[in-house]
1. Can you compute the FRET efficiency between Gln280 and Glu319 using 1/(1 + (r/R0)^6), with r the Cβ-Cβ distance and R0 = 22 Å? Round to the nearest 0.05.
2. Using a 1.4 Å probe on the protein heavy atoms only, what accessible surface does Cys469 show? Give it in Å² to the nearest 10.
3. Given charges of +1 on the Cβ of Lys and Arg and -1 on the Cβ of Asp and Glu, with all other atoms neutral, how large is the dipole of the stretch 221-330 about its Cα centre, in debye to the nearest 20?
4. Below 8 Å between Cα atoms, with a sequence gap of 6+, how large is the relative contact order for the chain in percent?
5. Give me log10 I(q)/I(0) at q = 0.13, 0.22 Å⁻¹ for the stretch 182-258, Debye formula, one equal scatterer per alpha-carbon, no solvent.
6. Write out the GluC sites (Glu not before Pro) in the stretch 274-358 meeting two conditions: DSSP loop, and at most 16 other Cβ atoms within 10 Å of their Cβ.
7. For the chain, find the longest principal axis of its Cα atoms and tell me its angle to the long axis of helix 193-206, 0 to 90°, nearest 10.
8. Which trypsin sites (Lys or Arg not before Pro) in the stretch 368-431 sit in a loop by DSSP (not H, G, I, E or B) and have at most 11 other Cβ atoms within 10 Å of their own Cβ?
Amino acid sequence: MRVPGEPPPPASPRHYSGLLGALHHCISGGDAPAAVSLLPTLARSGLRAPFPLLSSLAGLLLLRPAAPSFSSLAGRLLLYVRLAGLKRLVPHSTQLADRLLSLHFLLGRPRDARRLFAKMPRPSAHSYNAMLAGYARLALAAPAAEVFAAMPHRELFSYNAVMLALGRGGEEGGAVKLYSELRNSYPSLGYNHHTFFALLVACAELMDRELARQFHGHLMALGFLSDVNIASSLLDVYSKCGCVDDARNLFEEIPIKDVHTWTTIVCACAEDGQLATARQLFDQMPEKNISSWNALIEGYVCHGKRVEALNMFQQLLMEGLLPDQLTFGSCLSASAAMPMHSLKLGEQIHGMLLRSGFDLNVMIISSLIDMYSKCGYLDGAKQLFELTGTERKGAMLWNSIMSALCHHGHAKDVIGLFVQMIHERQKPDANTFLLVLTACCRCSLVEEGIKFFDLMNERYMIVPGQDHCLCMVDLVGHASSDDKVGEWIKSSAFTFNKQFWEILVRNCTIDGNRELLNKVEEHLTELDHP
């Protein structure tokens, strides 16, 4: 039965003619770009494409969500739906609405998906599942749980999707609890590899060793360790929990190992400092990709084996592989820490980046600034920062150049750069303020440091961490007995912990700052602290 107001579908595809015939021909031939290119002409002509055609076009786009043109094509389809006056009618066509829900989520528009779903008079189980799958993709735990709770009928897919959403969205315990509910209360729904993948995602975030071992036995009993993806996921769980021996035992048990499985065990051993074992496993790999090389190179860098890291980088290049941003970042860190010829090595890597046309993203530029700074070439770091376009200068790059200036003892320049950052409407983060407070300490700028600390807390709503508080201890503990310092300590909105007060009292005692010590003691008495 047709919903009132919905365009009636034609009796047969052969009755399509003109623009609609051309649209049908493009969709039937799988040519989504050509089909989408016809939509503006349809809109200008006042033609409404029948919902079956639009649904088929949406389905065609959903077949290749990773295609470079996907975002543009999907956005233009959704724009046509609005311009053609179909937006209010779409909720009544469940199949089309379900596919548009998926498009909204793939475009990162969960609110638009939620609005469409709320207007659907008769959402099907597939509609609910589309919402859950979308929330899982975007790691939105709370709305996924809300939709799941409202479902009249749940399927295994529903449980799998909401478990994945909870696991990715910070509600890992909820995902594990839901799995227990599925097995104990609804055994007829069964389970599949998607169930255990979602469960292992939650387990990896929990980093609970005993739970990981329990799931290992559970998966072995159910026969799921023969699934290479499940086995690799469990291997990743062990790696994140620091259970390298368990990971190696599991690796030996896995009958079929793909490149991801090999890379995971190499990474686990490298991170744990078992570099000889990591190298041995790496050499045994039947197939390697750039992630495999990065795992070993990063392991060498983190454990001080910088020469080995750079040798691996040279070997990678000789084998004709293309490094990625992680490779270059690790090698720049290695060259910055080399005792001799480090600047030359860093410049060679920088030159290689430029010659290859590699995209100098924020991470790479930050690594280059850090490398030039640690190699003693501050001017090179400053020049690189100044040549970087404004659109790329987020907090990470500002922090990198401020850190370089701090490293070279230019504390006042750090404060000046922070003021410039604020004037350019760039938003500082917790690391930015730590660098600024450190600069204030080195220049003994007590009043300025207090203002920056309050600015961080009150304007930018950044909760001070332990490092920020310790900076303030150094700053006010060695200050002169200024009434402003005492008043700030009393009026500060942030509740300092016991360590702050202990260090502050000790510093005042060491420096003989009796007046400030008296004010601190008075305040502690008011707070009923011993």
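1. FRET efficiency, Gln280 to Glu319: 0.75.
2. For Cys469, the solvent-accessible surface is approximately 20 Å².
3. With Lys and Arg at +1 and Asp and Glu at -1, about 280 debye.
4. 5 percent
5. -0.36, -0.98
6. Listed in order of number, the matching sites are Glu287, Glu319.
7. The angle comes out at about 10 degrees.
8. Hits after loop and neighbour filter: Arg425.
The values are calculated or read from the model by the stated rules, or taken from the named source; none is laboratory data. Note that the structure is predicted; figures quoted are calculated from it, not measured. As a convention, Cβ positions derive from the backbone with ideal geometry for all residues, glycine included, and neighbour counts pool all protein chains shown. Ligands, DNA and RNA are stripped out before the accessible areas are found, and what is left, the full protein with its side chains, is counted by its heavy atoms. Shrake-Rupley method; radii C 1.70, N 1.55, O 1.52, S 1.80 Å.
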